[in-house]
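The structure appears below as structure tokens.
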Amino acid sequence: MEILKIENLRAYYITSLYGVERRVRAVDNVSLEVMENEILGIAGESGCGKSTLLKTMIGLIKPPLTILGGKITYKFDGKDIDIVSKKEEISNLRWKVFSYVPQGSMSVLNPTRKIIKTFEDLLKVHLKIEGKEEIKRLSEEHLKALGLPSEVLTSYPHQLSGGMRQRVTIALSTLLKPKVIIADEATTALDVVVQRGVIQLLKKIQSEFKNSIIIVTHDMGVHANIADRIVIMYAGKILEVGSAKDIFKNPLHPYTKYLIDSLPKIGDKTFKKSVPGAPPSLLNPPTGCRFHPRCSMAMEICKENVPALIDVGNGHKVACFLYSKEAEIS
Ligand code: SF4
């Protein structure tokens, strides 16, 4: 069952300078489903639109970011709520239906307040719990369920390590047991041992609470460790979607192949080729397939037409004319 459905979403950054309008096409006609109880990884180079896609999912849509079309529908309690047309619903859904784990834990934790105060704020505002003892009990219970020490509650953020702060941020974002947890580069800037701890925590949360997790990171190694399904984004578009097994064992899109081939393997000392060229500007992206200027397999059709995202079997979808000549309808 789907918990979140995105249909034909176009989210652009629109600015105007001296009367000249500029449109950065960060998310361009993207459709995607997130299923119940799955960990969905969204991968791609920096600037490919994955963080903008994530912002739209949590309703962080403020100018210059503008939705030009499409739907973002959360399905819960037997209702379908499109947060594009019903913006007023966003605050009702936040924390209970979806929550957000940002990249920098310090942007959530107030450096001048003990951690328990942030737990208190959430419980007071959203569950109307006022008693200090009850707040302490619920906070400790939640940390215990996640295998985190309750002593962190009496600490200030600066007294914790970066890894523990990130885990506390994840604990906070799951306090109200949301159906969907959306994590933006939650493991970036952490060393590998701490990264492993954060990945294990996310997996534990998913298996305990049976919710869905969307994890956005450019790090394919993290996706290999955690994701059930993976979405590959490039220049504002989805190029490939599939189970983690299919993406790693049988990548189809030339760009995905580069991403997988560039991963280090134990004992393999061969030179790893990176993707040739640089990602395009989303202000003026290439015509046709946006990857064509960097693709060694590019054909004439690739320069003029945008390949449609086609299911090639078993839910494995790819947008490339090597597999289907079907073009996207704009
Ligand atoms: Fe390469 Fe063409 Fe496929 Fe794009 S559509 S990835 S340019 S072969």
Inset, instruction - Inspect all residues belonging to the range 283-301 and state whether any of them is farther than 24 Å from A244 by Cα, in contact (Cβ under 8 Å) with a residue 12 or more places away in the chain and acidic (D, E). - result: no
Legend entry - Pairs, first touching a residue at least 40 places away in the same chain (Cβ under 8 Å) and within 21 Å of H218 (Cα to Cα) in the range 258-271, second open to solvent by less than 70 Å² (accessible area, probe 1.4 Å) and part of a helix (DSSP H, G or I), C-beta under 7 Å, six or more apart: L259/M220; I260/M220; I260/F248; L263/M220; L263/G221
Legend entry - Considering residues of the range 69-78 that are in a strand (DSSP E or B) and among the charged types (D, E, K, R) only, the residue modelled with the lowest pLDDT: K75
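Matching residues to (1) charged (D, E, K, R); (2) part of a helix (DSSP H, G or I):
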site	(1), (2)
V24	no, no
V27	no, no
I42	no, no
T52	no, yes
L60	no, no
I67	no, no
D80	yes, no
Legend entry - Residue in the range 90-112 that is surrounded by the most Cβ atoms within 10 Å (Cβ to Cβ), counting only those that are in a helix (DSSP H, G or I) and out of contact with any Ser or Thr (no Cβ under 6 Å at 6 or more places or on another chain): L93
Legend entry - Verdict on S274 being without any contact (Cβ under 8 Å) to a residue 60 or more places away in the chain, within 9 Å of the ligand (Cβ to nearest atom) and exposed (fewer than 13 other Cβ atoms within 10 Å of the Cβ): no
Inset, instruction - Restrict the check to the range 238-248 and report whether at least one residue is among the acidic types (D, E) and over 30 Å from E36 (Cβ atoms). - result: no
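For residues in the range 242-259 being open to solvent by less than 10 Å² (accessible area, probe 1.4 Å) and closer than 12 Å to G44 by Cα, which is nearest to the ligand (Cβ to nearest atom)? Outline the logic, then answer.
Within the range 242-259, the first condition is being open to solvent by less than 10 Å² (accessible area, probe 1.4 Å), and the residues that meet it are 242, 247, 253, 255-256.
Then keep just the ones that are closer than 12 Å to G44 by Cα; that gives 255-256.
Details: Y255: 6, T256: 10 Å.
Among those residues, the one meeting the criterion is Y255.
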Inset, instruction - Take S324 and decide whether it is modelled with pLDDT of 95 or more, of a type in the set (S, T, Y) and either surrounded by fewer than 19 Cβ atoms within 10 Å (Cβ to Cβ) or within 16 Å of the ligand (Cβ to nearest atom) (or both). - result: yes
Inset, instruction - Name every residue in the range 260-271 that is among the polar types (S, T, N, Q) and open to solvent by less than 70 Å² (accessible area, probe 1.4 Å), in order of residue number. - result: S262
Legend entry - Counted residues, the range 52-69 - those being more than 21 Å from K177 (Cα to Cα) and either surrounded by fewer than 18 Cβ atoms within 10 Å (Cβ to Cβ) or in contact with a helix residue (DSSP H, G or I) (Cβ under 9 Å, 6 or more places away or on another chain) (or both): 9
Inset, instruction - Taking only the range 288-321 into account, find how many residues are among the polar types (S, T, N, Q) and either within 11 Å of the ligand (Cβ to nearest atom) or open to solvent by less than 60 Å² (accessible area, probe 1.4 Å) (or both). - result: 2
Legend entry - Residue pairs meeting the criteria (Cβ under 6 Å; at least 6 apart or on separate chains; first in contact (Cβ under 8 Å) with a residue 60 or more places away in the chain, in the range 318-330; second surrounded by 14 or more Cβ atoms within 10 Å (Cβ to Cβ) and outside any loop (DSSP other than H, G, I, E, B)): V318/E240; A319/L239; A319/P307; C320/P307
Inset, instruction - Check the range 113-130 and report whether any residue there is outside any helix (DSSP H, G or I), open to solvent by 60 Å² or more (accessible area, probe 1.4 Å) and within 30 Å of T188 (Cβ to Cβ). - result: yes
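The values are calculated or read from the model by the stated rules, or taken from the named source; none is laboratory data. Just so you know, these numbers come straight off a predicted model, no measurement behind them. All Cβ positions, glycine included, derive from the backbone under ideal geometry; neighbour counts span all protein chains shown. Protein only, heavy atoms only, side chains kept; ligands, DNA and RNA dropped before computing areas. Shrake-Rupley method; radii C 1.70, N 1.55, O 1.52, S 1.80 Å.
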